[in-house]
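S.K.: Submitted below is the structure of interest, expressed as structure tokens.
Here, each number is a calculation from the coordinates, and none is a lab measurement. All values derive from a computational prediction rather than experimental measurement. Don't worry about glycine lacking a Cβ; one is built from the backbone with ideal geometry, like all the others, and counts go over all protein chains shown.
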Ligand code: NAD
């Protein structure tokens with residue numbers, strides 16, 4: 001692959017200022033003779049680029065050699081068409097474990113220690129204590145982490161650090177440090193019944209779409225919480241709303257939704273013991289640095305005639 005110029009698409013602005021990545025990447029790839037420039041979606045801006053670093057997909061990318069997604073999930077990208085067009089697609093898997101792990105730990109602690117309620121009461125200057133039996137501690141509770149990749153690993157580390165016992169669900173029954181019992185996906189419904197927290201960390205694929213539906217929610221304990229930091233489509237959202245309303249589960253912490261931004265009329269905004277976060281579980285001010293490291297390593301590998309990091313297509 002020939003690599004003279006990399007564009008940084010303006011869509012990355014949803015996560016960090018594009019100029020930060022342009023400057024850092026330009027410094028890091030200067031020696032390799034690669035230019036880095038900010039681009040918008042116009043074909044003109046992209047004309048001299050061989051590659052782009054982006055959040056969104058654009059049709060003009062089908063004429064490039066390489067597209068790098070700043071996210072781990074590549075569900076936004078038309079993988080088959082990129083493959084047919086000989087466009088290499090890479091993602092940013094591997095950089096989110098710490099940030100998402102800490103966010104999940106925050107959700108777990110907020111729900112048990114009732115911090116979300118105090119934060120809500122504070123906006124009304126209300127001094128309201130929980131009932132005697134509302135607050136609890138998480139050590140010794142069980143979590144089930146569904147999907148043990150980069151995200152899952154970061155989540156397992158934080159939850160075991162808080163004293164939770166952790167089970168995991170993955171496609172193959174390979175043991176994982178810190179995970180007491182690893183189950184395969186065909187046993188999902190059976191194992192989530194044991195968990196106080198069911199944490200979703202799988203990619204959105206044909207196999208995972210809607211994989212947490214009415215039956216899975218019914219299989220969860222009525223004192224259990226669902227935490228979704230994966231993709232909204234992994235959960236059947238109307239089944240989730242029904243399960244929350246019917247007290248089939250105790251609550252949820254949701255970073256991702258079927259439709260984003262979550263529409264103002266969604267019942268999820270107002271349901272008790274539901275924490276809504278705006279798809280920002282992985283946000284950190286170091287995000288652009290982490291993306292730059294992956295892209296720089298890929299530039300080095302491409303120059304050596306090797307595969308770029310995290311090739312998906
Ligand atoms: P990853 O590729 O490192 O790990 C995904 C893991 O899920 C892999 O181990 C894979 O084998 C496993 N998996 C795939 N299908 C499965 C199935 N049906 N059942 C069980 N396990 C399955 O990716 P990652 O960095 O851990 O990210 C995972 C997903 O989380 C991404 O695809 C993305 O959609 C989402 N994500 C969300 C945020 C956020 O801000 N909320 C941030 C990063 C990633």
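S.K.: Provide Rg and Dmax in Å for the chain, with only Cα atoms included in the calculation.
M.R.: Just the Cα atoms of the chain yield Rg and Dmax of 21.1, 66 Å.
S.K.: I'd like the per residue volume of the convex hull spanned by the Cα atoms of the stretch 211-303, given in cubic angstrom.
M.R.: About 128 Å³ per residue, rounded to a whole number.
S.K.: Take the alpha-carbon centre of the stretch 164-214, take the same for the stretch 108-151, and report the distance between them in whole Å.
M.R.: Value for the Cα centre distance between the two parts: 22 Å.
S.K.: Hey, another quick one. Could you work out how far helix 287-303 tilts from the main Cα principal axis of the chain, as a 0 to 90 degree angle to the nearest 10?
M.R.: With rounding to tens, the tilt is 40 degrees.
S.K.: Highest GNM mean-square fluctuation, the chain, Cα pairs closer than 10 Å: which of 133, 236, 23?
M.R.: Of 133, 236, 23, the most mobile in the Gaussian network model is 133.
S.K.: Can you tell me, using C-alpha contacts under 8 Å and at least 6 residues apart, the relative contact order of the stretch 159-253 as a whole percent?
M.R.: Taking the mean separation of contacting Cα pairs over the length of the stretch 159-253, I get 23 percent.
S.K.: Then there is this: For the stretch 97-276, go through all pairs of different Cα atoms, get the mean of 1/r, take its inverse, and jot down that Kirkwood value in Å.
M.R.: About 16.4 Å, per the Kirkwood formula over Cα pairs.
S.K.: Project the alpha carbons of the stretch 22-164 onto their principal axes and report the range along each, largest first, in whole Å.
M.R.: 65, 35, 32
S.K.: Taking the mean number of other Cβ atoms within 10 Å as a proxy for protection, how do you rank 189-199, 166-176 from highest to lowest?
M.R.: Result, highest mean Cβ count within 10 Å first: 189-199, 166-176.
S.K.: Further, regarding this structure: Percent relative contact order of the chain, based on C-alpha pairs within less than 8 angstrom and at least six residues apart?
M.R.: 16 percent
S.K.: Can you compute the helix-only [θ] at 222 nm over the chain? Use -39500 (n - 2.57) per DSSP H run of at least 4 residues, normalise by all residues, nearest 500 deg cm²/dmol.
M.R.: -9000 deg cm²/dmol
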